[in-house]
Amino acid sequence: MRDLLAALSGAIFGIGLWLSGMTDTTKVQGWLDIFGDWDPTLAFVMGGAIVPMAIAWQLTRGRAPLVGGSFPAPPEARLGRNLVIGSVLFGMGWGLAGLCPGPAVASLSWGGLPGIVFMLAMIAGMWAAPRLRQRLDGQPVSI
Amino acid sequence: MEQDWLWGLAGGGLIGLAGAIYLLGNGRIMGASGIIGGIVDGTAGSQMRERLLFLVGLFGVPAIVVYLAGGSQTNATTNLAVLVAAGLLVGLGTRIANGCTSGHGVCGISRLSLRGIVATVFYIGAGGITMVLFRHVLGVI
């Protein structure tokens with residue numbers, strides 16, 4: 001059941017990313033480029049995703065996950081410099097290529113060589129991250 | 001296209017539905033960078049299988065649907081240096097910040113997580129500045 005729900009969730013996520021245009025790098029870069037020919041699509045995607053997700057968070061109250069276990073703990077209150085440094089680095093990469101992790105996986109089958117190169121570099125970055133992060137604050141990476 | 005916002009809203013709804021299934025079903029936050037990163041750095045542990053299956057769905061089902069629909073384009077740059085730099089920055093940054101557009105953005109903002117909101121402000125801000133610098137000033141992308 002757990003495995004099936006994970007695959008189903010991934011599948012719906014991927015179809016949603018494609019349908020919404022988020023696997024098209026010109027739409028992502030078009031949204032970030034407020035001084036160019038600005039494309040508002042990403043805001044609609046975010047809005048459309050946040051509404052069902054907010055309902056889901058409400059539904060977690062007083063319940064347990066379908067397959068058992070427990071729901072994630074409330075978000076940490078501490079912001080920390082890793083959050084800011086990491087997000088700035090991510091934003092720079094996101095702007096440069098117009099790809100973030102979800103769409104990069106979803107579009108891998110039709111993205112050709114650029115998609116594969118980006119994916120390999122992203123995996124290398126993820127592999128190196130715990131080492132860099134430990135230097136930043138002496139704490140290991142969680143989740 | 002003029003109805004792009006409508007496709008955006010519909011696709012966004014599916015993204016939210018996927019996140020809702022992962023949360024209410026498996027009790028997990030649907031964050032793409034966390035799911036992939038944990039597999040890459042070995043911290044996924046007992047979640048390895050479900051994460052791999054999530055990625056099988058994320059890669060495989062769009063692959064089939066888009067093939068049947070006649071294909072699609074990512075219109076990504078073919079500049080290999082830009083792609084490598086971008087991939088490294090996305091991989092490093094999302095793991096240092098512990099989240100990306102799906103985890104901090106969709107899942108974090110929807111529960112009014114301050115960390116999610118702050119992360120989103122910074123990655124969108126950095127992305128916007130990167131566009132100005134590399135598209136309008138340097139003309140690289």
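Conditions tested, residue by residue: (1) surrounded by 18 or more Cβ atoms within 10 Å (Cβ to Cβ); (2) in contact with a Phe, Trp or Tyr (Cβ under 7 Å, 6 or more places away or on another chain); (3) more than 7 Å from every other protein chain (Cβ to nearest Cβ); (4) in a helix (DSSP H, G or I).
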| residue | (1), (2), (3), (4) |
| --- | --- |
| B:GLY87 | yes, yes, no, yes |
| B:GLY127 | yes, yes, no, yes |
| B:HIS136 | no, yes, no, yes |
| B:VAL140 | no, yes, yes, no |
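Only one of the numbered conditions (1) surrounded by fewer than 24 Cβ atoms within 10 Å (Cβ to Cβ); (2) more than 7 Å from chain A (Cβ to nearest Cβ); (3) at pLDDT 95 or above is violated by B:VAL61, and that is (2). On the stretch given as the range B:56-79, residues that are part of a helix (DSSP H, G or I) and β-branched (Val, Ile, Thr) total 5. Inspect all residues belonging to the range B:101-112 and state whether any of them is closer than 28 Å to A:PRO130 by Cβ, charged (D, E, K, R) and not in a helix (DSSP H, G or I). Yes, the range B:101-112 contains at least one residue that is closer than 28 Å to A:PRO130 by Cβ, charged (D, E, K, R) and not in a helix (DSSP H, G or I). How about the range A:27-79: which of its residues are modelled with pLDDT of 95 or more, surrounded by 14 or more Cβ atoms within 10 Å (Cβ to Cβ) and not in a helix (DSSP H, G or I)? Of everything in the range A:27-79, those that are modelled with pLDDT of 95 or more, surrounded by 14 or more Cβ atoms within 10 Å (Cβ to Cβ) and not in a helix (DSSP H, G or I) turn out to be A:ASP33, A:ASP39, A:THR60, A:PRO65, A:LEU66, A:VAL67, A:PHE71, A:PRO72. Return the residue satisfying two criteria in turn: it lies in the range B:93-107 and is within 19 Å of A:LEU32 (Cβ to Cβ) and at the interface with chain A (Cβ under 7 Å from one of its Cβ atoms), and of such residues it is surrounded by the most Cβ atoms within 10 Å (Cβ to Cβ). This residue is B:THR94.
A quick yes/no check of all residues on (1) among the small types (Gly, Ala, Ser); (2) in contact with a His (Cβ under 6 Å, 6 or more places away or on another chain); (3) under 28 Å from B:ILE141 (Cα atoms); (4) more than 7 Å from chain A (Cβ to nearest Cβ):
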{"site": "B:GLY11", "(1), (2), (3), (4)": "yes, no, yes, no"}
{"site": "B:ASN26", "(1), (2), (3), (4)": "no, no, no, no"}
{"site": "B:ILE29", "(1), (2), (3), (4)": "no, no, no, no"}
{"site": "B:ALA32", "(1), (2), (3), (4)": "yes, no, yes, no"}
{"site": "B:ALA44", "(1), (2), (3), (4)": "yes, no, no, yes"}
{"site": "B:GLU50", "(1), (2), (3), (4)": "no, no, no, no"}
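The values are calculated or read from the model by the stated rules, or taken from the named source; none is laboratory data. This structure is a prediction, so every number in the text was calculated from the model and none was measured. Neighbour counts run over all protein chains shown; Cβ positions are idealised from the backbone, glycine included.
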